[in-house]
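Step one of this worksheet: look at the structure below.
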Amino acid sequence: MPMSIAWPLSATFAGRYMYKIGSKLTAILGAVLIAFGGTWLLAVELDSPYWYFVGIMIVIGLGMGYATTPTTVLVQSAVGWQMRGAATASNTFTRSIGQTVGVAVFGTIFNNSLITFGKEHAAGGWSGGGNISDVLSSETINKLPASVLTTIHEGLAHGMHLVFILVFFIGVANLIATFFLPSHNKVMEHQKQVQH
């Protein structure tokens, strides 16, 4: 919920002053916030307080809002009016593909980590089969010994930490990529050329 509130708020603010400070600078601000949120994810541990997660979601949500608005405008500004719909659709399609692939990659990393962790720490009692959701159901989890619960929590935390490491590197790569965006003046100049 905090991310879903922070994202549209920052997108609104980004739209308001993007032309004052420049679309590139606004996108860089968003990328910095995303990278900071990714860095903060690396600090999350099994006993981290709840406000960590709320803060991380707010920071990444703010970053996403500041990053998506100017990059959408940059894509639209790269083409003439007759191609803006196609450019916007291509941008949206690319984001959707990225989200789909990202979820698949994150899920694969998490599941493989969970299987490996289980095989290494279950003392031969687990072969990597079954569904972890069945074990985590309220009926089953209340019947498990404390040592097994601790191992499950550690395995889940280990898998999530590997995903967080990947999110950190994606955030840093995103930050580096934003420095290669065209400057605001170049965008405005190109926009005038495309309109004629």
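What residue, of 21, 5, is closer than 30 Å to residue 193 by Cβ, of a type in the set (A, V, I, L, M, F, W, C) and surrounded by fewer than 17 Cβ atoms within 10 Å (Cβ to Cβ)? Full working, then the answer.
Working: 5 fails: closer than 30 Å to residue 193 by Cβ.
Answer to the check: 21.
With the requirement that a residue be hydrophobic (A, V, I, L, M, F, W, C), touching a residue at least 24 places away in the same chain (Cβ under 8 Å) and either in a loop (DSSP other than H, G, I, E, B) or in contact with a Lys or Arg (Cβ under 7 Å, 6 or more places away or on another chain) (or both), what does region 39-53 give you? It would help to see each step written out before you state the result.
Initially, region 39-53 is screened for residues hydrophobic (A, V, I, L, M, F, W, C), giving 40-44, 46, 51, 53.
Next, only the ones that are touching a residue at least 24 places away in the same chain (Cβ under 8 Å) stay: 41-42, 44, 46.
Residues satisfying the conditions are 44, 46.
Does region 28-48 hold any residues that are modelled with pLDDT of 95 or more and over 15 Å from residue 168 (Cβ atoms), and which are they?
Once the filter is applied, which keeps residues that are modelled with pLDDT of 95 or more and over 15 Å from residue 168 (Cβ atoms), region 28-48 yields 28, 29, 30.
Looking at region 49-72 only, could you name the residues that are modelled with pLDDT of 95 or more, within 13 Å of residue 10 (Cα to Cα) and not hydrophobic (A, V, I, L, M, F, W, C)?
If the condition is that a residue be modelled with pLDDT of 95 or more, within 13 Å of residue 10 (Cα to Cα) and not hydrophobic (A, V, I, L, M, F, W, C), then 61, 63, 65, 66 are the ones that fit.
Matching residues to (1) at pLDDT below 95; (2) small (Gly, Ala, Ser); (3) crowded, with 16+ Cβ neighbours inside 10 Å:
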position	(1), (2), (3)
169	no, no, no
174	no, no, yes
184	yes, no, yes
188	yes, no, no
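So which residues in region 30-84 are aromatic (Phe, Trp, Tyr) and more than 24 Å from residue 165 (Cβ to Cβ)? Show your work before the answer.
Going residue by residue through region 30-84, those that are aromatic (Phe, Trp, Tyr) are 36, 40, 50-53, 66, 81.
81, the sole residue that qualifies.
Has region 155-178 got any residue that is part of a helix (DSSP H, G or I) and more than 20 Å from the chain's Cα centre (by Cα)?
Step one: filter region 155-178 for residues part of a helix (DSSP H, G or I), giving 155-178.
Those still in the list that are more than 20 Å from the chain's Cα centre (by Cα) too: 155.
Yes, that holds for at least one residue.
Could you pull out the residue among 26, 39, 12 that is within 26 Å of residue 159 (Cβ to Cβ), hydroxyl-bearing (Ser, Thr, Tyr) and in contact with a helix residue (DSSP H, G or I) (Cβ under 8 Å, 6 or more places away or on another chain)? If you could, list the steps in order and put the result at the bottom.
Values: 26 fails: within 26 Å of residue 159 (Cβ to Cβ); 12 fails: within 26 Å of residue 159 (Cβ to Cβ).
The conditions single out 39.
When you scan region 12-35, how many residues do you find that are in contact (Cβ under 8 Å) with a residue 40 or more places away in the chain and either assigned to a loop (DSSP other than H, G, I, E, B) or under 16 Å from the mean Cα position of the chain (by Cα) (or both)?
Matching residues across region 12-35 total 8.
Looking at 55, 38 in this structure, which one is closer than 22 Å to residue 5 by Cα and either touching a His at 6+ places or on another chain (Cβ under 6 Å) or buried (at least 23 other Cβ atoms within 10 Å of the Cβ) (or both)? I'd like the intermediate steps shown before the answer.
Details: 55 fails: either touching a His at 6+ places or on another chain (Cβ under 6 Å) or buried (at least 23 other Cβ atoms within 10 Å of the Cβ) (or both).
Every option except 38 fails the conditions.
Return the only residue of 116, 178, 100 being surrounded by 12 or more Cβ atoms within 10 Å (Cβ to Cβ) and either at pLDDT 90 or above or of a type in the set (Phe, Trp, Tyr) (or both). Show your work before the answer.
Numbers: 116 fails: either at pLDDT 90 or above or of a type in the set (Phe, Trp, Tyr) (or both); 100 fails: surrounded by 12 or more Cβ atoms within 10 Å (Cβ to Cβ).
Criteria check complete, one pass: 178.
The values are calculated or read from the model by the stated rules, or taken from the named source; none is laboratory data. The structure presented is a predicted model; accordingly, all values stated were derived computationally and were not measured. Positions of Cβ are generated from backbone atoms using ideal geometry, with glycine treated the same way; all protein chains shown enter the neighbour counts.
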